[in-house]
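What follows is a set of notes on a single structure, which appears directly below.
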Amino acid sequence: MESLSQQLESFSEVLAASRTPHVRSWSPTTVRRALQWARYMRHVYRRFGRHAGIRLALERRLRDQWRREDGAAPATYSGLTSFRALGRCDLLLAQRLLGNRALGGAAFRCLLGQLCPGPGAQDAEDETLQDRLALLARRRAAVHLLRASGLGESPAAHEDPLTQTQAELLLQRLREVGQAAAEGPRRLLCGLWERLPQNSFPRVIAAALLLPSAPPGPPQKELELDSPKTPGEGRHELVQWLLGKSDTMTAFCHSLPAGLLASVVGRHPELFPAYLALLTDWGRQLNYDLQKGIWVGAEAGDGPWEELLSRFQSLCQAPLPLKDEVLRALETCKAQDGGFEAPGLSIWTDLLLALGSGV
């Protein structure tokens, strides 16, 4: 019992330190061990939560600890203040580290990797830390709905709450590293792109680019552990990073659905020329199959005609400036290809014919 009490006090000190500048010295190994320790403390909560004697003894030990901290009250003490807090100590630790700008870049990337392990890396517990972060994200989403009321629907609202919250955290981190060093945002994004799952991180980037600006007014009160940070800054760095890395931009465009990508380039027109160039290069890789009567790729990896058409259709459903630019580009490609009017001779003619019925 004494050993458990000492571990409880020691973890409470780690939790208190997680929101201080002391985390500047934390390494990725320290972050992993802290999260493992938090999961163990949550296991203690689940095991002894119904054992009145042990629970009361641990509660008394925690109460004595925060009273020793210069007479701190529970509302101001940064460590554990009750046995019940053990049930969410891993969530509380993760939230504090995510919001602490003193955490180093390598430790922060390790933290993201621990929180977003990707498919096939589920925790042995029936409810993972990522699941519980998603619950917190849904609560934050309620705040987003209140803040955005009367401002019209945002395309980012179609993303799940966890992706939206990750997008907010990404923008926040970009602001912080940008203040510390000019090359900070580029290094951060390159590191995240290499380490995070390629099936989810592009959606986080898209959600960040689509987040609405917060309306003017007083700051929101806390909801649960932390209040959502105001989005906005950091998107310029995201756009410039995508434009500066052609391979990344290509992978980003190929991984997102047509409608979502059309919303992104509609919000950030600087990305449109790169996206349009990708689509026209795609079209040039397709050849007309006379036997099948369709356009097919020369190689197995070339995208199908149907997907290319879907992406042009999504762009043509965007606001007028974007739609006009798309049609003008297709007309130019058609003229350069010979200006044929009959189907099957030029892919640009066939695209314009297919788009004509729905434009």
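The values are calculated or read from the model by the stated rules, or taken from the named source; none is laboratory data. Predicted model only: the values in this text are computed from it and were never measured. Every residue, glycine as well, gets a Cβ built from its backbone with ideal geometry; the counts of neighbours run over all protein chains shown. Remember, those area values only see protein heavy atoms, side chains included, never the ligands or the DNA or RNA. Shrake-Rupley method; radii C 1.70, N 1.55, O 1.52, S 1.80 Å.
On the full set of protein chains, 1.4 Å probe, figure out the accessible area of Y45 and give it in Å² to the nearest 10.
70
How many nm separate the modelled label positions at Q285 and R101, each set 7 Å beyond the Cα in the direction of the Cβ?
Computed distance between label sites Q285 and R101 equals 4.2 nm.
Considering only protein heavy atoms, what per residue accessible area in square angstrom results for the stretch 257-358 with a 1.4 angstrom probe? Provide the component values of the computation, followed by the final result.
Working: 5240 Å² over 102 residues.
Accessible area per residue: 51 Å².
Enter the accessible area of R203 (Å², nearest 10), with the probe set to 1.4 Å and all protein chains included.
Roll a 1.4 Å probe over it and R203 shows about 90 Å².
Could you give me the ³J(HN,Hα) list for the stretch 85-95, computed from phi with Karplus coefficients 6.51, -1.76, 1.60 and θ = phi - 60°, whole Hz, x at Gly and Pro?
In residue order, the calculated couplings are 4, 4, x, 10, 5, 5, 5, 5, 5, 4, 5 Hz.
Taking loop as defined by DSSP and a crowding limit of 14 other beta carbons within 10 Å, which chymotrypsin sites (Phe, Trp or Tyr not before Pro) in the stretch 282-359 fit?
Details: sites: W282, Y288, W295, W305, F312, F340, W348; in loops: F340.
Those that pass, being in a loop and sparsely packed, are F340.
Would you kindly derive the ³J(HN,Hα) couplings of the stretch 240-257 from the backbone phi angles with the Karplus curve 6.51 cos²θ - 1.76 cosθ + 1.60 (θ = phi - 60°), listing them in order in whole Hz, with x for Gly and Pro?
Result, rounded to whole Hz: 5, 5, 4, 5, x, 10, 4, 5, 5, 4, 5, 5, 4, 5, 5, 8, 9, x.
Stick to the Cα atoms of the stretch 257-358, pair each with every other, and give me the Kirkwood hydrodynamic radius in Å at one decimal. Don't jump to the answer; show the numbers that get you there.
Values: mean 1/r = 0.0719 Å⁻¹.
That comes to 13.9 Å for the stretch 257-358.
In what order, largest first, do E341, E2 sit by accessible area if the probe radius is 1.4 Å?
On the way: E341 125, E2 95 Å².
Result, largest first: E341, E2.
For S3, S25, S18, give the ranking by accessible area with the largest first, probe 1.4 Å.
Values: S3 70, S25 100, S18 0 Å².
The most accessible residue leads, giving S25, S3, S18.
From largest accessible area down, sort R328, R88; use a 1.4 Å probe on the protein chains.
Sorted by accessible area, descending: R328, R88.
Quick one: pull the percent of accessible area on the stretch 257-358 belonging to carbon and sulfur, 1.4 Å probe, ligands and nucleic acids left out.
Here carbon and sulfur together make up 54 percent of the probe-accessible area.
Residue by residue through the stretch 313-322, what is 3J(HN,Hα) from phi via Karplus (6.51 cos²θ - 1.76 cosθ + 1.60, θ = phi - 60°)? Round to whole Hz and write x for glycine and proline.
5, 5, 5, 6, 8, 6, x, 3, x, 6
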